[in-house]
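The values are calculated or read from the model by the stated rules, or taken from the named source; none is laboratory data. All of these numbers come straight from a predicted model, not from anything done at the bench. Here the Cβ positions follow ideal geometry from the backbone for every residue, glycine too, while neighbour counts run over all protein chains shown. These accessible areas exclude ligands, DNA and RNA; they are computed on the full protein's heavy atoms, side chains included. Shrake-Rupley method; radii C 1.70, N 1.55, O 1.52, S 1.80 Å.
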Amino acid sequence: MKFYNTKILYTSFETHNVKRFILEKPEGYEFNPGQYALIAIDTPELKEETRPFSFTSSKDDSIIEFTIKSYPEHNGVTARLLQLEPGSRLLISESRRMDAYQGPGLFIAGGTGITPFLSILRGLSKTTEGRKELEQSFLLFSNRTERDIIAQKELSFMLGKRARFIVTEPDNEAKPERINEDLMSGILKQSNLSGKPAYLCGPPGFVEEAKKMLISQGVNEKEIFLF
Ligand SMILES: Cc1cc2nc3c(=O)[nH]c(=O)nc-3n(C[C@H](O)[C@H](O)[C@H](O)COP(=O)(O)OP(=O)(O)OC[C@H]3O[C@@H](n4cnc5c(N)ncnc54)[C@H](O)[C@@H]3O)c2cc1C
C-alpha cells in the first residue's frame, strides 16, 4: 500500500476530546467522500502504528482534514495525535473503501461515526446540484451528551430541520433519547425517504441495532450501507 508523507498545518479542538487536523494535501492525492485512510505518526517508533480515520474535508478542498477522537486511556496512537502541533509530519495511506456515497438518503451516525458523512455532506453543500441532494437527505445523529456533538452548528446549517440530534445521557434537563422502533418509524415517516439508501456509521453495537430497526421498519437490506 502506498503511503504519503504530509505535514500538519493546523489543529483545533472540535469538542473536549475530538481534534481537527488540517493537513497539506500531497500532490496527486485523491479520495472520495466517505472513504478513509490509514494514518501513522512519522517518527521512528510510531511509523508502523497505523490507524484508520475518515476524511472529513470534501474531495476538492486544497487541504485534507481529519476529525479524531482521542483515547488517552488506550495510550495508543490517538493519545499521541492529541499532542501533535502544526509542523509535525504524518504518514497517510492511499484512500480506502469501495462503495461510499450512493445518492441522497438517511444518514445515521453515532459519535465519531459522523466523520465519513461530514465529508459527504460538506461536498454536497458546495454545489447547487448537491444542495438539492441535501434537501432529499436526513441525518439522525446520536451522542452521549451535548458536549460530544461534532459540528452541530454546521450540520444544522446544512440540513436545517432534516438534522435530528439525540443524546442518550443529557447534561441538562433535556429528555434522554435512544434509537428505538418508535423513533426510527417517526424519522422514516418524517424524512420521506422510502426506497433511498440508509447509511450507518458508529460503534458496532449501535450500527447493528440501527440496522435491525431499519429492516423491521421495512427498509430493504440491500439499501443499507455500513461505514
Ligand atoms: C474505517 C474506520 C474509520 C474511522 N474513522 C475515524 C474518524 O474519522 N475519527 C475517529 O475519531 N475515529 C475513527 N475511527 C476509529 C479509530 O480508528 C480508533 O479510535 C483508533 O484506531 C484508536 O486508536 P488508538 O491507538 O488510540 O487506540 P486502540 O488502537 O484502540 O488501542 C491501543 C491499545 O489500547 C488498548 N485498549 C483498547 N481499548 C481500550 C480501553 N477501552 N481501555 C484501555 N485500553 C484499551 C489496546 O490494548 C490497544 O493495544 C475509525 C475506525 C474505522 C475502522
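For Q35, the amide hydrogen comes within under 5 Å of the amide hydrogens of F55, counting only partners 5 or more places away or on other chains and with H modelled in the peptide plane.
Please compute the contact order of the chain in relative form: average sequence separation of alpha-carbon pairs under 8 Å and at least six residues apart, divided by the residue count, as a percent. Across the chain, relative contact order equals 20 percent. The packing ranking of peptides 77-90, 57-70, 103-116, highest mean first, is 103-116, 57-70, 77-90, where packing means the average number of other beta carbon atoms within 10 angstrom of each residue.
Using r as the Cβ-Cβ distance of Q217 and Y10, and R0 as 41 Å, what FRET efficiency do you calculate, to the nearest 0.05? Walk me through the intermediate numbers first.
Values: r = 42 Å, r/R0 = 1.03.
After rounding to 0.05, the efficiency reads 0.45.
Shown in residue order for segment 186-193 are the 3J(HN,Hα) couplings computed by the Karplus curve 6.51 cos²θ - 1.76 cosθ + 1.60 at θ = phi - 60°: x, 5, 5, 5, 4, 7, 6, 10 Hz (x for Gly and Pro).
Taking a straight line from the alpha carbon of K161, these aspartates and glutamates sit under 15 Å away, with near neighbours fewer than eight places off in the same chain left out: E133, E135. Among the trypsin sites (Lys or Arg not before Pro) in segment 149-227, those located in a DSSP loop and surrounded by at most 13 other Cβ atoms within 10 Å of their own Cβ are R178. Along segment 40-50 the Karplus relation, 6.51 cos²θ - 1.76 cosθ + 1.60 evaluated at θ = phi - 60°, assigns HN-Hα couplings of 9, 7, 7, 10, x, 7, 10, 5, 8, 8, 8 Hz to successive residues, with x for each Gly and Pro.
From Cα pairs below 8 angstrom and at least 6 apart in sequence, can you work out the relative contact order of segment 139-203, rounded to a whole percent? Averaging sequence separation for qualifying contacts and normalising by length gives 31 percent for segment 139-203. With the cut-off at 1.5 for a/c, could you classify segment 11-91 from its C-alpha gyration tensor as rounded, prolate or oblate? Cα axes put segment 11-91 in the prolate bin. Per residue, the average separation of C-alpha pairs within less than 8 Å and at least 6 apart gives segment 79-200 a relative contact order of 30 percent.
By DSSP, the beta bridges lying fully in the chain are antiparallel in about 60 percent of cases.
In this structure the chain gives 51 Å² per residue of accessible area when probed at 1.4 Å with all protein chains present.
Equivalent ellipsoid of segment 1-144: semi-axes from √(5λ) of the C-alpha gyration tensor, largest first, are 26, 18, 13 Å.
Across q = 0.12 Å⁻¹, segment 106-226 modelled as identical point scatterers on its alpha-carbon atoms has Debye log10 I(q)/I(0) values of -0.40, in the order of the q list.
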